[in-house]
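See structure below.
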Amino acid sequence: MAGPSNAKGSTYIQVDVHYDGMFSPIPHLIYYLNQKTSITDVDFGGINFKEFIHVLEDVTKGKCPVVYYCLGHKSMRDGLTPLKNDDDYRRFLDAAHGNEGKINVYIDHYNDSVLDWIEEEKEEKSVDSESSDEDKDSVMSDALSVDHEPDEEVIPLTKSDDPFLNYISVVPRDDFIDEDDDSDNGTKEASIYPFHDSTQKWDTMQPILGMRFCNPQELKQLVSNYAVANGFNLWYEKNDKTRLLVRCCKTSEGKAACPFRLWATWMSSEKSFQIKSLRNEHNCARTFKFGSVVTYSWIGKHFVNGILENPKMSCREMRDKVGEIFNVKVSVGQCRNAKKFALNEIEGSLNTHYEKLWSYGAEILRANPGSTVKIGTDTMPDSTIYFSRMYVCIKGVKDGWIEGCRRVIGVDGCFLKGICRGELLSAVGRDANNHIYPIAWAVVAVENKETWKWFLNLLLKDINMGNGAGLTLLSDQHKGLIEAVKERVPDVEHRQCARHVYANFKKKFKGAAYRKLFWRAAKATTVQRSCDAIENGICESFNATIVHARKKPIITMLEEIRRFVMDRMYCKRLKGQKWNLAICPSIRKKIVDKRKHLRYWYVIPSGVQQFEVRSVHEVYAVYLNQRTCACRGWQLSGIPCIHAMAAISYLNENVEDYVATWFTTEMFGNCYKYTINPLNGSEMWPSWEGQPMLPPKRKTLHGRPKVNRKKAASEKEGRHTISKKGAITKCSICREPGHNKITCPLSKEGPSTEAKKKKGKHVPDVEDESEFEIEEMDEVENEYESESESEIEELAEDGDEPDQGQVDEQVVEATVELDQEQVHELDQEQVHEPDQEQVHGPVVEEPAAQPVVEVEQRAQPLKRKRKYSERITEVALRRVVITKDGCGLSVNKPVTLE
C-alpha cells in the first residue's frame, strides 16, 4: 500500500521485482522463466537511483545491469520503460504512486535490444491496423484475383563470438504455443533457449528449462554450484556421456524424497547438451554434506587462485576455508585431492606462461626500442627446451641512470616464493635524492658464479661501464658473486655489506665492546675508498617492495615489477617538478641534522679558503676551494662534513652551494625524464613460431620448504625473555659444553633416569651387575625410603611380609669376600645416615674404592632384562627394606647384593 509522503519525501510502495528471467520478442514481448519477489518495507522516496539499484542487487543476489519498470494494467509493449538515472527514478515513483502504490520491475541480465523489439512490434501493429481499415472500406469482387507480395524473410539472432558477452540466440522451439495466435497457417512460433554462462557468479547459477551446455561437465558444475548455494542434497540417478538425471534427497531404498527432477541429454539438431525437463520444486531441509555432487575437482576449481597465492596452504586449512566460504563439510582427503587438482591446473597455466616468454620479450622490445631482453634455455638430448634464465633492462631506465645517478650500484639475489622456483637477481642504483633506482632484473634457476657473471656482463654493457673503472659495487658475501666480480669487473671497487660482515665477525668476537669497535671501523672515512656506502640497504628495500610479486607466475611477476618501475618514474618526475629547491630534500635534511653539532667546533683561518677546525682532541684541515677535508667525509659522500660546514659558516656562506652536483634537483630531473612505454595486452603480443619452452625442472629437497628469511641468532628474541637459541650451554659442575648438571657424568647423583632414556642408554641384564654403581644404589635407596609411614604400617598389618622360605627361594646367594676393614666401613654406613649436604652438594669428590663383589655363575643364565622392581636398592646383606613389586605395591622384601 502506498503511504502518504511526509515532509522528508518518504514513500512506501510495493515493488514486484522480476529477475533471473529473459525477454523474448516472439510472438510478442514477454518476460518468462523468471522469479518474483516483492519489496514493501523500503522507503523509496528517501533514496536515490544508485541506492535503489543496490537494494535490487541485495534482493536478487546478483548484478542488475539494465532495469525496466511497467504498471500492472499495461502490456510490456505499451508500458515498459527503462530506468537509467535519477530523473527516470522520480518518474518511476510518480507512476507507482498513481497506480495505488504498486509497480513491476524487470531485470534484464543479458542486455537485450528490448526497446528495438518494442518499436518493431508497434510498427507491425500499425501496419496490421491500416490493412484492416482498408479491407473494411474497399469492396472486392470474388472474381478479382489479387497477387500478394511474399512475406519478408526473418533473420534470427545469433550468439556473439565475444567470450566476454552473453547474448541469447533465437532458435525454434516446438513446445511453445501462443494462445492469442490467430494465424491461419497454424505454425508454432518458438521461444529461445539460453546458453550457459560459465562466467556467472557461482552462487547465482540456477538450472533453466531448455538451457544448453557445451558438455555434461558444464551442467554438473552448475548442479554442484546450485546445490551448495541453496543447501540441496542432489544426487545423480543416471550419469553417463549421453544423459543426466538429477534427483534430490535420496532415501535408504534408493528413491527420491523430494519432487525436484532434472533430465538432460544431447540435442539431435546441434552439438549442445540441453536440459529437456525440469521440475524445480523442493520440500527438503538444508544439508551440509553433498556426497558425489561436491567433488575434489569442484573444490580445486574454486581454490586455484588461493593455491596460486599460497602454495603452502595445508589440507586442514583448505578444509576450514571450504566450510567458512561454502558452508560445506568436506574431508581432509577431498582437500588433498583438490590441492593436487589445483596444482595440476596451475602447472598447465605455468606452461602457457613459459611458452609466452618469447612473445613477452618481443613485446618489450617493440614498445621500448633499445631495451635489452635476453632469454636463456637448456636443451635436452630429446630436443626438449627448458627455461634457464631471463634478463630485462629497459631503455628509459638505463638512460636515466647514465645521466642522473651516482656510480654506485647494489646487486643482490632473492628467492621466488610462489609456484615458480628460482631466484631474482637485481641491480639497484641511487638517485639524486639518495633513494632506490632499479636498473635491471633477471630470473635465474640458481644463484651461482655462472649466472652472476652472465648478469654482470649484460649489466655493464647496458650502462657503458666496461671493466667497472670508477664504479662502486655493493653486495653480500655470496661466494659465486665475489668470484664473478673478480673475473668480469677487475677494476670495480667491490664493497661487501657491513651487516653481513658483522654477522660473521660476531661469531668469534662477541659483546658490545667488539660491536662498537666494528662499526667505528666500518664507518671510518680516513681509509682509502671512493664511496661512503657501507650497507646494501637499497637492494633489501627493492626486494621487500616486490615480495608479493615474487609469489606469482613468471610473466605476472615480471609485469608487476615493470609496472612498479614505470609508475615510480612517472610519479618521481611529477614530484621533482614541484620542488623549488637547489638540492634534494633528503640531502637537505642531512645538512640540517649536522648543523646541531656546529657549536662544538672552533674554526681558525690560515689562508684563502683554508681553515683549521678544532674540537677538544680533534683537528682537521679544510680546503674550501678544493672541497676537501682531512677526514675525507666530504670527498666520500659529496656532502660537506661537520668540519667543512663549520668553515663555510665561518664565512657566512650557504652550505648548499658546496654540495656535489649529484644531489641537485637538476640531476634528479635527469634521472626521471625518460619514460617506460606501455605494453599491449597478451592477446596482441607478437607471435612466436619456435618450439615452446617448458618450466625449469624442479629439484625436490629434504624437509619442508622455507618461505620466510632465515634469521640470525641475534634476531630471534623472545617476547619476554632473551632467546637462548644458538647459544652453547655449559655444565655448571665440569664446565664442559654439550650438557648440563643434570646429565653430567661427574655429578654425585648421576644422570637422571629421564636423561638416560632420552640418550637411549642400554639397560644391563642381570649378568651385567658390574655396570651398577654405588651412587645409583644410594639414589634408588633414598627414593624408596621416602615412602609414607602409613603405607608401611598398613602393609605390616596386612601381613605382607614373606616367610623365610620364600625369601630363600627368591634370593640368589652370593659369596662376598671382604676384608675386615671393608666390613667395618659397611657397618658404619648402615648405622649412620650420610649427611644430606654431602649427598646432594655440588662438591665433586673422587670415587671411593668399591668393594670387590664376586658373583657365582648360574647354571642357566637368565635371558630377560631385569625389571625395575628387581634392582638392588641398598648395599647391604640380607636386610629387609620396603620396595615395590611388579604391580607397583610396596612390600617387605629381603634384598641382597647379587
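Assorted remarks:
- For first residues located in the range 292-318 and acidic (Asp, Glu), partners that are open to solvent by 60 Å² or more (accessible area, probe 1.4 Å) and lie 6+ apart or on another chain with Cβ distances below 7 Å form the pairs Glu309/Lys551.
- Helices (runs of 4 or more DSSP H) (entirely within the range 258-371) containing at least 1 residues that are surrounded by 16 or more Cβ atoms within 10 Å (Cβ to Cβ) and in contact with a Ser or Thr (Cβ under 7 Å, 6 or more places away or on another chain): 296-302, 332-355, 357-367
- Residue that is farthest from Thr664 (Cα to Cα), among those in the range 601-637 that are open to solvent by less than 30 Å² (accessible area, probe 1.4 Å) and either touching a residue at least 40 places away in the same chain (Cβ under 8 Å) or polar (S, T, N, Q) (or both): Val603
- Cys393 buried (at least 21 other Cβ atoms within 10 Å of the Cβ) and in contact with a Lys or Arg (Cβ under 7 Å, 6 or more places away or on another chain): no
- Some residue of the range 568-579 being touching a Cys at 6+ places or on another chain (Cβ under 9 Å), modelled with pLDDT of 90 or more and basic (Lys, Arg): yes
- Scanning the range 565-600 for residues that are part of a helix (DSSP H, G or I), touching a residue at least 24 places away in the same chain (Cβ under 8 Å) and open to solvent by 60 Å² or more (accessible area, probe 1.4 Å) turns up Tyr570, Gln577, Arg588, Lys590, Lys594, Arg595.
- Residue list for the range 202-217, filter: open to solvent by 50 Å² or more (accessible area, probe 1.4 Å) and outside any loop (DSSP other than H, G, I, E, B): Trp202, Asp203, Gln217
- Test: residue in the range 696-718 that is part of a loop (DSSP other than H, G, I, E, B), modelled with pLDDT of 80 or more and surrounded by 13 or more Cβ atoms within 10 Å (Cβ to Cβ): yes
- Check on Asn677, outside any loop (DSSP other than H, G, I, E, B), modelled with pLDDT of 60 or more, under 30 Å from Lys578 (Cα atoms) and in contact with a helix residue (DSSP H, G or I) (Cβ under 6 Å, 6 or more places away or on another chain): no
- Residue within the range 492-511 that is at pLDDT below 90 and acidic (Asp, Glu) present: yes
- Residue ID - most open to solvent (accessible area, probe 1.4 Å), chosen from residues in the range 501-547 that are part of a helix (DSSP H, G or I) and charged (D, E, K, R): Arg520
- Selection over the range 240-257 of residues that are under 40 Å from the mean Cα position of the chain (by Cα) and outside any strand (DSSP E or B) gives a count of 3.
- Taken over the range 219-239, the criterion of being hydrophobic (A, V, I, L, M, F, W, C) and either part of a strand (DSSP E or B) or surrounded by fewer than 19 Cβ atoms within 10 Å (Cβ to Cβ) (or both) is satisfied by Ala229, Leu234, Trp235.
- Breaking point among (1) under 17 Å from Ile409 (Cβ atoms); (2) touching a strand residue (DSSP E or B) at 6+ places or on another chain (Cβ under 8 Å), for Gly422: (1)
- Residue in the range 653-662 that is among the polar types (S, T, N, Q), buried (at least 16 other Cβ atoms within 10 Å of the Cβ), part of a loop (DSSP other than H, G, I, E, B) and out of contact with any Leu (no Cβ under 8 Å at 6 or more places or on another chain) present: no
- Filtered residue count, the range 55-74, keeping only those that are free of Cβ contacts under 8 Å to residues at least 24 places away in the same chain, open to solvent by less than 70 Å² (accessible area, probe 1.4 Å) and either farther than 30 Å from Asn230 by Cβ or among the acidic types (Asp, Glu) (or both): 1
For (1) crowded, with 18+ Cβ neighbours inside 10 Å; (2) within 33 Å of the chain's Cα centre (by Cα), each residue gets a yes or a no:
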{"residue": "Leu424", "(1), (2)": "yes, yes"}
{"residue": "Ala427", "(1), (2)": "yes, yes"}
{"residue": "Ala432", "(1), (2)": "yes, no"}
{"residue": "Ile439", "(1), (2)": "yes, yes"}
{"residue": "Val443", "(1), (2)": "yes, yes"}
{"residue": "Asn467", "(1), (2)": "no, no"}
{"residue": "Val489", "(1), (2)": "yes, no"}
{"residue": "Val492", "(1), (2)": "yes, no"}
{"residue": "Arg499", "(1), (2)": "no, yes"}
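- Tabulated pairs, the range 82-110, first touching a residue at least 24 places away in the same chain (Cβ under 8 Å) and on the phi < 0 side of the Ramachandran plot, second open to solvent by less than 30 Å² (accessible area, probe 1.4 Å) and of a type in the set (Asp, Glu), C-beta under 8 angstrom, 6+ apart or interchain: Pro82/Asp88; Lys102/Asp16; Ile103/Asp16; Asn104/Asp16; Val105/Asp16
- Any strands (runs of 3 or more DSSP E) falling wholly within the range 378-451 and containing at least 3 residues that are within 16 Å of Cys539 (Cβ to Cβ): 408-415, 423-430, 436-444
The values are calculated or read from the model by the stated rules, or taken from the named source; none is laboratory data. Quick caveat: nothing in here was measured; it's all calculated off a predicted structure. No Cβ is skipped: glycine too gets one built from the backbone with ideal geometry, and neighbour counts run over all protein chains shown. These area figures cover heavy atoms from the full protein model, side chains too; ligands, DNA and RNA do not enter into them. Shrake-Rupley method; radii C 1.70, N 1.55, O 1.52, S 1.80 Å.
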